[in-house]
Amino acid sequence: MAPKTNPDKPAHLNVRDIPRETLFRLKMAAAAEQKTVKDLVLELVHEKIQELERKGLLPRLK
């Protein structure tokens, strides 16, 4: 039986094997914008999703 999920509860995501230089630059970019790494990553992901929706490559959610 599949576990029940709550769509309102935040999910967790772990990303492995990020080059150290990329992680360092991500942290620097977040600091430059006075944001947390999490907030900057979420912003970038949302922007990419919106771009793909505009291009018709990703269906829009209701």
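Just so you know, all these numbers are worked out from the coordinates, no wet-lab data involved. All figures in this text were calculated on a predicted structure; none of them were measured in a lab. Please note: Cβ atoms are built from the backbone with ideal geometry, for glycine as well, and neighbour counts cover all protein chains shown.
Measuring from label point to label point, each 7 Å out along Cα→Cβ, what is the VAL41 to GLU53 span in nm?
My value for the distance between the label points is 2.2 nm.
In terms of Cα to Cα distance under 17 Å, which aspartates and glutamates are near enough to LYS62, apart from those fewer than 8 places away along the same chain?
Excluding near neighbours in sequence, the set is ASP8, GLU51, GLU53.
Which residue fluctuates the most in the chain, going by a Gaussian network model with Cα springs under 10 Å, if the choices are LEU52, LEU44, LEU13?
With Cα springs under 10 Å in the chain, the top fluctuation among LEU52, LEU44, LEU13 is at LEU13.
Working from Cα positions, state the angle (0 to 90°, nearest 10) between the long axis of helix 20-32 and the longest principal axis of the chain.
For helix 20-32, the angle is close to 90 degrees.
Take the chain, connect every pair of alpha-carbon atoms lying under 10 Å apart with a spring to form a Gaussian network, then pick out the residue of LYS35, LYS48, LYS27 with the largest mean-square fluctuation.
LYS48
Taking the number of other C-beta atoms within 10 Å as the exposure measure, put VAL15, VAL41 in order starting with the fewest. Before the final figure, lay out each step's value.
Values: VAL15 7, VAL41 15.
The order, fewest Cβ neighbours first, is VAL15, VAL41.
With only alpha-carbon atoms counted, please give the Rg and Dmax of the chain, in Å.
According to the Cα coordinates of the chain, Rg and Dmax are 15.2, 46 Å.
Given the rule -39500 (n - 2.57) for each run of at least 4 DSSP H residues, summed and divided by the residues of the chain, what is its mean residue ellipticity at 222 nm, to the nearest 500 deg cm²/dmol? Numbers along the way, then the final one.
On the way: 2 runs with 31 residues, N = 62.
My calculation for the chain gives -16500 deg cm²/dmol from helical runs alone.
Helix 37-54: angle to the longest alpha-carbon principal axis of the chain, degrees 0 to 90, nearest 10?
Value to nearest ten degrees: 50.
Want the number for ARG20 to LYS62: 0.36 nm per residue separation, take away the alpha-carbon distance, what's left? Could you put the intermediate results ahead of the total?
Details: separation 42, 0.36 × 42 = 15.12 nm, distance 3.78 nm.
Taking 0.36 nm per residue and subtracting the Cα distance, the gain is 11.3 nm.
Less than 18 Å apart at the alpha-carbon level, and either on another chain or at least 8 residues along: which aspartates and glutamates does that give for LYS35?
Result set, ordered by chain and number: GLU43, GLU47.
Test of understanding: ordering ASP39, ASP8 by Cβ neighbours within 10 Å, fewest first, what list do you get? Write down the numbers at each step before the final one.
Values: ASP39 12, ASP8 5.
By the 10 Å Cβ count, ascending, the order reads ASP8, ASP39.
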